[in-house]
Structures are given as C-alpha cells and as structure tokens.
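The values are calculated or read from the model by the stated rules, or taken from the named source; none is laboratory data. This is a predicted model, so every value here is computed, not measured. Virtual Cβ from ideal backbone geometry, glycine too; neighbours counted across all protein chains shown. Surface areas here come from the heavy atoms of the whole protein model, side chains and all, with no ligands, DNA or RNA. Shrake-Rupley method; radii C 1.70, N 1.55, O 1.52, S 1.80 Å.
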Amino acid sequence: MSLIRIYDIISKKREGGALTKEEIEFAVQGYTSGRIPDFQMAALLMAICIKGMTDEETANLTMSMANSGDIIDLSQISGIKVDKHSTGGVGDKTTLIVTPIVASCGVNVAKLSGRALGHTGGTIDKLESITGYRTDIPQAEFLRLVQDIGVSVIGQSASIAPADKKIYSLRDQTATVESIPLIASSIMSKKIASGADAIVLDVKTGSGAFMKEIDDAIMLAKKMVAIGDNVGRKTVALVTDMNIPLGNAIGTSLEVIESAEILQGRGDDRLRELCTAISSNMLHLAGKGSIVECERMVEDSINNGSAFEKLCRMAHAQGGDDGLIRNTDKFPKAQIIYPLKAHKSGYITDMDTQRIGISALLLGAGRQSMEEQIDFSAGIMLSCRTGDYVECGDVLATLHTNSEDRLKKAKEVYLGAIEFSDEKPIERDIILKRIGG
Ligand code: URA
C-alpha cells in the first residue's frame, strides 16, 4: 500500500516545500485516473501557483504529464528531429513558413499543431483552408510522409499528454492558469510527447500575447529551457514582440497566401526576420552549422525556390490542392472586402493586438469555442501599423467577411484598438532576447 497521501502533498506545497518525483507522479496519475478528486487537485494547483516550483519539480511535473499518454517514436526518421512551438499570437503563421524551410535544408520536421481559440489563430485551421488538406492522418502515414518529403504537419491527437488536458481544464476554472511552472510544464509536456530531440520556442510578449510583460515572458522562456535541459532535449527560446500583429495577414487562407509570399522572397520584413531566426536556430540545433551559416542556408532555400516547393509538396501529399498555393488568386474570396479608413491624422502609437485578434474572430476568422466553424475567407489585411503616419481617410486595414453584421462589430473593435498621437513612437525590434542553446 502506498504511503503517499494527496493531503500531505498539498500541505507540503502549501508550506513551500519541494515535492519529490514520486509525489508529483502520484498526484498526476491519481488525478488523471480519477482517484484524486477535482477539489484536492485544485488545492494543489493553487499552492503551486502561490509557492512556485523548483526547476527539478517542474521537469518532473512535465515528464509525468508527457508520460500520461503516447510518446511519439520518431526513431525511424533519420537525423536529429527539431520541433518548434509558439506561445500564440495574432497573425502568427511561422509554422507554415519555417517547417518547409527547415525541411528543404535537410532537417526532417514532424510537427503536431493546434487549432485557433479566442483571439489567437491555429496552424491546423490555416492548413485546412487549403482545399482537401488532411490534418488527421494516422501516425504511421505521418511518419512515412516525414521520411519521404521531410516534413508533415498534422493536428495534435487526444492521446498526447492527456493529463495536461485534464489539469489545464481544471486550471481554467480555478484561476490557476497564471503560474510560470504550470504553463511551462504544460507546453513542454506536449512538446516532449511529440518526440523531437530538440525544440525552438517562440515566446511572445505584448498586447496580443499570453505574457503581456517582457519580464514574465523571459521567466517563462528560462523555465522552459531549464525543463528541456533537465530532460535531455536541447532547447532554445526566442522572446519576441507581439505588440503588433505578425505580418500583414490575419485569418486562415489570408495567412497561407502571405506564407507563400514569404517563401517566394516577398512580403513583410519583420515576419521574414522572425522566420529566419526560428529556422536558423532549428537548423543550428540539428547540427547544421553556426547560426550565421544556418541563416545563409535559410536565405538560399528561399532564393532557390526549394522551401516554397517543399510547402507545395507537403500540401499535395496530405491531399491539399497545391495549385492554390502556386496561384493564390484561386483561393475563394470573401463577399465583403471593406477598406477601413482612419477617422483622424497622426502617428499610430499603439495597436491593442488582442483586440485586433478579436476583430478578426468577429469577422469569422476565429472561434470562441472549439465547436464553432471558421470562415476560411475571413480576416484582416493590415495596411498601417505602429509607427506609421496616417492621414484622415487613409486605409488602415481591409476587413474580409461574408456577413454585414459581423463587419459592423469587427469595425468598431478594430478602430478601438488603434491609438494615434502627433509624436512618432520608438520602433520595437521583433526579436527581443535569445535564451539557451
Ligand atoms: N498553453 C498551454 O499549452 N498551456 C498553458 O498552460 C498555457 C498556454
């Protein structure tokens, strides 16, 4: 009979003690199997929220949650496998750009991604806007595609870290989401269960991010890098700005179109800079050379067209119509494409990026609950961003939707997100810090 009791674990953490590996496993396994009730797990989570966890405890919590379901075995795929993860933002289409770049530079990428929720978008919905693209392919086919093409991106199945799923849902109801060790272990448990040898994290900070303050983002990044180090996965984190939407497009097919542009050497400079940084760090972790050498490989893969071809091949292999990516004019368009004009002149000094994400959601490009359908043609194309001077009547953004009612609400929200002033604001870098490696 076990001598460990959940009551003692809760009181130990309440007093600020460090939990042992056995105690953490007891709590996670007990809760996942239903032996430990919600009220006791909630008490433990609140104690963790208040008292924190050491790096060793956080690593043990991560592994307990990772081991609660399937751990994908990528050993049949050759070479070092590198994964990437973004903590979520608005207009973040980096997976669509980075995964084909890295694959075209000779590093295999087996990527599990999520769906849009709230103001943030999801890679899986963006890929599904490519007609026919299958995101629910079986694991054996997924591994074969990575082996044959070098890259596959599919949806994360329920068998990955089920303990995290159950604990996250309890955290959501008990005001225990905002805890750096709990967030770090939640994200890393899913990454570790996804099987990669090394991980590049894009930790966003700013008005459109989960972490609004840079110091919190740095703390989260350090905690996740420490988990990676503790469990033998090389991990690098980039802390990046999310005070402005990433790139010009927000919405599913609009973001696929922008990704195709970047992969063909065109498009927004900040988005290209971030994608180059993520890709070159992934290649570096895979042993392809120094960061500078890897940056050159990334540029070459764009200039010689191999990265773009890789995206087309991946889409085709997963049942998608790659003709849409080769000629993006063929993507279905929204019935209403509305130029939203500035009501005054001045510099844009601030964009509340979360509100802009909500505006895109209201147009039909996102979902408030997992049951909602996404309108693939809906979204926003930015014409101006923080730092730009606009005259009254200039177009700030173009709103794409299929409903007048949705347009009315989204317009108001978008305009409420923009601040003007007579003074030009200081420009913000996109990459704020690199941690680990
Ligand atoms: N994303 C996750 O996957 N987990 C958290 O706890 C927070 C954000």
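Points to keep in mind about this one:
- Any hit, segment 251-271, residues being of a type in the set (A, V, I, L, M, F, W, C) and not in a helix (DSSP H, G or I): no
- Looking across segment 202-222, just one residue is more than 16 Å from the ligand (Cβ to nearest atom) and acidic (D, E), and that is D215.
- Residues (open to solvent by less than 40 Å² (accessible area, probe 1.4 Å) and not in a loop (DSSP other than H, G, I, E, B)) located in segment 399-413: L399, H400, T401, L407, A410, V413
- Residues of segment 253-264 that turn out to be buried (at least 24 other Cβ atoms within 10 Å of the Cβ) and either modelled with pLDDT under 95 or touching a strand residue (DSSP E or B) at 6+ places or on another chain (Cβ under 7 Å) (or both), as a count: 3
- Residue within segment 161-180 that is within 16 Å of the ligand (Cβ to nearest atom), outside the structural domain of A47 (by TED's automatic domain parsing) and within 16 Å of the chain's Cα centre (by Cα) present: no
- Test: residue in segment 51-59 that is small (G, A, S), over 20 Å from A163 (Cα atoms) and either open to solvent by less than 10 Å² (accessible area, probe 1.4 Å) or in the same structural domain as H316 (by TED's automatic domain parsing) (or both): no
- Qualifying positions in segment 50-82 - under 19 Å from the mean Cα position of the chain (by Cα) and away from the ligand (no atom under 16 Å from the Cβ): K81, V82
Table: residues versus (1) without any contact (Cβ under 8 Å) to a residue 24 or more places away in the chain; (2) more than 30 Å from N281 (Cβ to Cβ); (3) aliphatic (A, V, I, L, M).
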| residue | (1), (2), (3) |
| --- | --- |
| D8 | yes, yes, no |
| S33 | yes, yes, no |
| M41 | no, yes, yes |
| E56 | no, no, no |
| N60 | no, no, no |
| G69 | no, no, no |
| V82 | no, no, yes |
| K93 | no, no, no |
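- When I199, I187, I192 are screened for being within 14 Å of the ligand (Cβ to nearest atom), touching a Lys or Arg at 6+ places or on another chain (Cβ under 6 Å) and open to solvent by less than 60 Å² (accessible area, probe 1.4 Å), only I199 passes.
- Any hit, segment 324-343, residues being open to solvent by less than 20 Å² (accessible area, probe 1.4 Å) and under 21 Å from the mean Cα position of the chain (by Cα): no
- Filter pass, G232 being open to solvent by 10 Å² or more (accessible area, probe 1.4 Å), of a type outside the set (D, E, K, R) and free of Cβ contacts under 8 Å to residues at least 24 places away in the same chain: yes
- If you go through segment 151-167 and pick out every residue that is over 17 Å from G320 (Cα atoms), modelled with pLDDT of 95 or more and open to solvent by less than 60 Å² (accessible area, probe 1.4 Å), you end up with 6.
- Of all residues in segment 343-365, none are free of Cβ contacts under 8 Å to residues at least 12 places away in the same chain and on the phi < 0 side of the Ramachandran plot.
- Hits in segment 110-150 (condition: of a type outside the set (F, W, Y), more than 20 Å from the chain's Cα centre (by Cα) and open to solvent by less than 50 Å² (accessible area, probe 1.4 Å)): G132, I137, E141, L143, L145, V146, I149, G150
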